[in-house]
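Below is one structure, written out as structure tokens; the observations come after it.
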Amino acid sequence: MDKIIVTGNGPLSGQIPIAGAKNACLALMPATLLSEEPLTLTNVPRLSDIATMSELLQSLGAEVSTLADGRVVAMASHNAENHVAQYDIVRKMRASNLVLGPLLARHGRAVVSLPGGCAIGARPMDIHIFGLEKMGAEIELREGYLHATAPGGLKGAKIALPFASVGATENILMAATLARGTTVIENAAREPEICDLAACLSAMGAKIEGAGTSTITIEGVHRLHGATHPVIADRIELGTYMIAPAIAGGEVELTGGRADLLPAFIEKLEEAGVSVEETQGGLKVARRNGRIRAVDVRTEVFPGFPTDLQAQMMALLCTAEGESTLEETIFENRFMHAPELMRMGAEIEVHGGTARVRGVERLKGAPVMATDLRASVSLILAGLAAEGETIVSRVYHLDRGYEHVEEKLRGVGARIERVKE
């Protein structure tokens, strides 16, 4: 098992390229199941989760080819007749549940194992089921599998989501493209990944209006055709690397980054004393003079502060001047990185869904353990600002969501290496 060693080395300088969005790509790939014609994705991130989704699609009968050094994924589902998503694959990754809607839409049936992924809360499938049942699906849970059928085919419906779930919006959106009639999703998720999926489906011939707003309207069509679609930049990777110069000092340009992907996050960074400037190639980030200022953060659905950047922001605020409060409203169990940061000298108190962080002048390097994907990278960021050596173990989580993190950080002057335990 690998571990990563980080040694605090002062300010960073240079450029970091931002990869394609993992969460967007994991929703785009199952869209191949909706058509017999090929779907090709470009700007694909090279991550283990992408390999897991490829494996799942292949198990369903789809053809998946990785081209251009992993940056292009070409898929074809003309022979995708299997409708059973097995536990052995699905357990590896939460996004595996996104094959449910496409399988139901095209085949009228699906058997999908309840998914796995990071241990950051229950993240149940009830909203997905609620929406698909509104469209005429019959779904029951037996022996850990969702058994879904649509005896009369899926029909358009008005679906008011009880929570603006990204995954449920994606599943329902894909299913609705081939449903009879018009589907209206109210309280839909507004994340950029939803817009990217809608753009891809529209390129395949779907009729979609309102993506990016809280109401999405889909007029079902008889069939979808093939398309080639570029994956948007990964806003979570972007936000993570924006914190690197903020916590370590210096100035870094994030090539391919866009400010509209992270409005609330950028607002909090600037409030804390970080300069964010749009450039021709992306975003330039620099820490202004002196220590970071304490700020209060509350995670919310887009366009609010992303839950997937809460751990990284906590690492930054551990070195801020003053006391910050972070409130987690999306997932329970998402402060598991706090005890590890405390091993590095951070002063953190956690009470339920709220953490209070009293900034210290300098963190101290220590052996720490990653508990989930975003916690992994938060500990690496903390190591950039720590005195001495930080050893992060259990970094297999990291490879699910960050491509070549050591190379990217070394490219801007960080002292970081991966070693075998």
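The values are calculated or read from the model by the stated rules, or taken from the named source; none is laboratory data. Values in this document were obtained by computation on a predicted structure and should not be read as measured data. So basically every Cβ, Gly included, is an ideal-geometry build from the backbone, and we count neighbours across all protein chains shown.
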Margin query: For the stretch 252-279, give me the residue count where each residue is crowded, with 19+ Cβ neighbours inside 10 Å and of a type in the set (Lys, Arg).
Written below: 1
Check: Inside the stretch 211-236, can you point out the residues that are within 30 Å of Pro162 (Cβ to Cβ) and either assigned by TED's automatic domain parsing to the domain that holds Gly8 or under 23 Å from the mean Cα position of the chain (by Cα) (or both)?
Finding: Ala211, Gly212, Thr213, Ser214, Thr215, Ile216, Val231, Ile232, Asp234, Arg235, Ile236
Margin query: Name the single residue that is farthest from the chain's Cα centre (by Cα) among those in the stretch 373-407 being surrounded by fewer than 23 Cβ atoms within 10 Å (Cβ to Cβ) and charged (D, E, K, R).
Written below: Glu387
Notebook entry, point to check: Which ones in the stretch 162-171 are of a type outside the set (D, E, K, R) and within 16 Å of Asp196 (Cβ to Cβ)?
Noted result: Val166, Gly167, Thr169, Asn171
Note to self: Based on this model, can you work out whether Met53 counts as crowded, with 16+ Cβ neighbours inside 10 Å and under 19 Å from Tyr402 (Cβ atoms)?
What the structure shows: yes
Next item on the list: For the stretch 120-174, enumerate the residues that are outside any loop (DSSP other than H, G, I, E, B) and surrounded by fewer than 17 Cβ atoms within 10 Å (Cβ to Cβ).
Entry: Asp126, Glu133, Glu138, Glu140, Leu141, Arg142, His147, Lys158, Ala160
Next item on the list: Could you tell me which of the residues Gly282, Gly352, Gly304, Gly345 is surrounded by fewer than 19 Cβ atoms within 10 Å (Cβ to Cβ) and in contact with a Leu (Cβ under 6 Å, 6 or more places away or on another chain)?
Entry: Gly345
Check: Among the residues of the stretch 10-51, which ones are of a type in the set (Ser, Thr, Tyr) and at pLDDT below 95?
Finding: Ser48
